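Below is one structure, written out as structure tokens; the observations come after it.
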Amino acid sequence: MRAHPLAEDDLGADTVLFCRALRERGLLVTPSEAIDAVATLGLIDLDDRQETFLSLRSVLTSRIEDFPVFEELFEGFWDRLGRSPQPRKVVEREDLSTSVRLSSHDHGRKGLAFFLEHWGTGESRAAEPINLPGASDVESAAEKDFCSFGADELEEISRLARRIAKRLARNPSRRWKPAGRGSRVDLRQTLRRSLRTGGELVELSFKQRRQKKTRLVVICDVSGSMDLYSQVLLQFVYGLQNSFARVETFVFSTSLKRITGHLRDKTYKHALERLGTNVRGWSGGTLIGPSINALNSGWPKFIDKGAIVIILSDGWDTGEPEDLGTALADLKRRAGKLIWLNPLLGSPSYQPLVRGMQAALPHIDVFAPLHNLASLRALERHLVL
Amino acid sequence: MREEVRNIQELLRRQAYVTDPAVATSVYLAMALGKPLLVEGPAGVGKTEIAKSLAEALDARLVRLQCYEGLDATTAIYEWNYPKQLLHIKLQELAAASSAEKEAEIFGESFLMKRPLLEAITDQTSSPVLLIDEVDRSDEEFEAFLLEILSEFQVTIPEIGPIKAIHRPYAVLTSNRSRELSDALRRRCLYLWIDYPSFEKELEIVRAKVPAIGEALSAELTRLIQAVRKLNLAKVPGVAETLDWASALVVLNTSQLDQDVIAETAGCFLKDEADLRKFEAELSAGLLKK
């Protein structure tokens, strides 16, 4: 064992620093894990690099996604362990944490923060009239294509969103809760109450199914080809989000951004203004696969079996179809239901021949059009788990 | 390597469980630190097997809880024995006891039906191995029940109070990552990721578990399985499938793999129609040779 008495304190301090560095890089390392890590070092052979590595990895990581960061930082930790056990200077000790702090900062900047900063610089695209095949000849309100919607008609969309939200909140769960009247007798409660009457069963207690906490995750394509639809769809999502708490909203074109917070504004106009400065002009290609990957890895807690994921996109993807396929397969594995809404599908002549759409189809539970109010209403029945 | 780690590796090997240092180290630490071990990895790589082999190696009882959606406290922890309670109340009707006394009686331990988790922490003789299998299949509400058990090794029953483990169970949780587990649960566990084994390790496993198989055949079969895993299939065959296939080949008295034998027995390791078709196409194209 390398840790002879003189170095013991040092070892502890190094370990704590190592833990702090891991925490700053997003690992679930709290003081209690740090204590475990120090305890672990007393239980293993510190001369064996592999054993030290495997042990600390077991204690300090909690998912496989943590492994690369752990490997990277373990290098530094091991180097420090390997040095002569003289007391080290305080400055030097600080090195590890500051350098890590910097690099983690840089790391973040490469991601979304970087994009956010550069959004404003893009050119703002005016909504040019585009002839979309979804446009129908019959101009009744329900079948009117969204791309020709006026502001007053948007109100109808909000109404529909609220109705769907209500429905979502009514999903029954497999779990029970006590109820005044219910479908089943709650034996435990009944017995307890029978004691008040000396063990005679006078009153029955009931239980009923609890409400299932369904979550909705909406991913909206805001790239150029979707311009006319995405506005309407965002209006819909805004309506949903304001009457149903468990909605998460993301937008993407070449990268993904979470806009749940933006949509929490009191009026849609405000929300849109705040969004507009961010989202518009953010065109120049669509990378659906990487965007969905970003969701898978960046917000894994939103995607579980209680989540319905809705992707709103026409499937025009400038990325590799294989990427989209694997990203969707991963998403599908975790989510309760995967719905893809494609405005182009409203056209009778449309065939999902776009390469991206082809790669996506095997992983989708529901593939439906979304180009007019009728299709929005049809969506309602799919929103159950 | 620490003596203890090597011992564990040796103990598991004696149960025909082929380990690597990562598995042995994690199991050792879980036992030494008294923490549960969360094992993640693709289906069929031997996650559950760890707990089983550990129980056999330690000669301990294996308490298994298979998780599923909707699993709740009454099936996982405990339930009151209602018919017994009712009968007891009837029998005691004429007794002079007050209702408070009666209540204390029927909510006593003898009216408690222990489910796996309570079973595991009330073992009177020694530490059992508690296997919480496929915890990702349970829902988030159930995870909350697990937290108390896995950090304090105790169960709180409102009518009785906390029941603390006399012998701490060795807890092993497995997950296929069909959903993301909560951070709270992850934090309470040591973490181990098991991937598909390397060729050498898988070959060792095949020879340990299906000793009747010949040297040449086992190598051929393992090499093919390793190639199949690279095919981008919907259901990638795990080690369990490799072993199924090996056993099938032994039963069929196969001494050598050829196109026909492979095509006839591919159902042992491919469980998906589309995968089978894809595999057959690759096979006839000769892509899997070597």
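Just so you know, all these numbers are worked out from the coordinates, no wet-lab data involved. Treat the numbers as computed from the prediction; the structure is a model and nothing was measured. Every residue, glycine as well, gets a Cβ built from its backbone with ideal geometry; the counts of neighbours run over all protein chains shown.
For the cross-link pairs A:K166/A:K301; A:K301/A:K332; A:K212/A:K332; A:K213/B:K47, the ones whose C-alpha atoms lie over 26 Å apart are A:K213/B:K47. Where both residues lie in segment B:2-155, what percent of DSSP beta bridges are antiparallel, nearest 5? Taking every DSSP beta bridge with both residues in segment B:2-155, the antiparallel ones total about 40 percent. Reducing segment B:56-112 and segment A:324-342 to their Cα centroids gives an inter-centroid distance of 43 Å.
When the C-alpha to C-alpha distance is required to be over 31 Å, the pairs from A:K337/B:K271; A:K177/A:K337; A:K257/B:K278; B:K114/B:K209; B:K114/B:K235; A:K305/B:K84 that qualify are A:K257/B:K278; B:K114/B:K209; B:K114/B:K235; A:K305/B:K84. Assuming charge only on the beta carbon of Lys and Arg (+1) and of Asp and Glu (-1), the dipole of segment B:74-177 about its Cα centre is about 320 debye to the nearest 20. Here chain B is treated with +1 on each Lys and Arg Cβ and -1 on each Asp and Glu Cβ, and its dipole about the Cα centre works out to around 640 debye.
Would segment B:23-178 count as rounded, prolate or oblate if I go by the C-alpha gyration tensor, calling it rounded below 1.5 in a/c and otherwise prolate when a/b exceeds b/c, oblate otherwise?
Judged from the Cα gyration tensor, segment B:23-178 comes out prolate (a/c at least 1.5, a/b above b/c).
Charging the Cβ of each Asp and Glu at -1 and of each Lys and Arg at +1, and nothing else, the dipole of segment A:199-252 about its Cα centre rounds to 240 debye.
Output the 0 to 90 degree angle, nearest 10, between the alpha-carbon long axis of helix B:215-229 and the longest principal axis computed from the alpha carbons of chain B. Value to nearest ten degrees: 80. Where both bridge residues fall in segment A:200-262, DSSP classifies roughly 35% of the beta bridges as antiparallel.
Taking Cα atoms only, the orientation of helix B:140-152 departs from the longest principal axis of chain B by about 80 degrees.
Take every residue in peptide B:20-29, count the Cβ atoms of other chains within 10 Å of its Cβ, and give the average of those counts. It would help to have the intermediate numbers written out before the result.
Details: counts 1, 6, 7, 2, 2, 12, 5, 1, 6, 10.
Whole-number average of other-chain Cβ neighbours for B:20-29 is 5.
Packing here is the average count of other Cβ atoms within 10 Å per residue, and on that basis the peptides A:187-199, B:23-35, highest first, run B:23-35, A:187-199. Remark: mean inter-chain Cβ contacts per residue of B:182-193 equal 5, using a 10 Å Cβ-Cβ cutoff to other protein chain atoms.
Mean per-residue shielding of peptide A:42-55 is 5, counting Cβ atoms of other chains within 10 Å of each Cβ.
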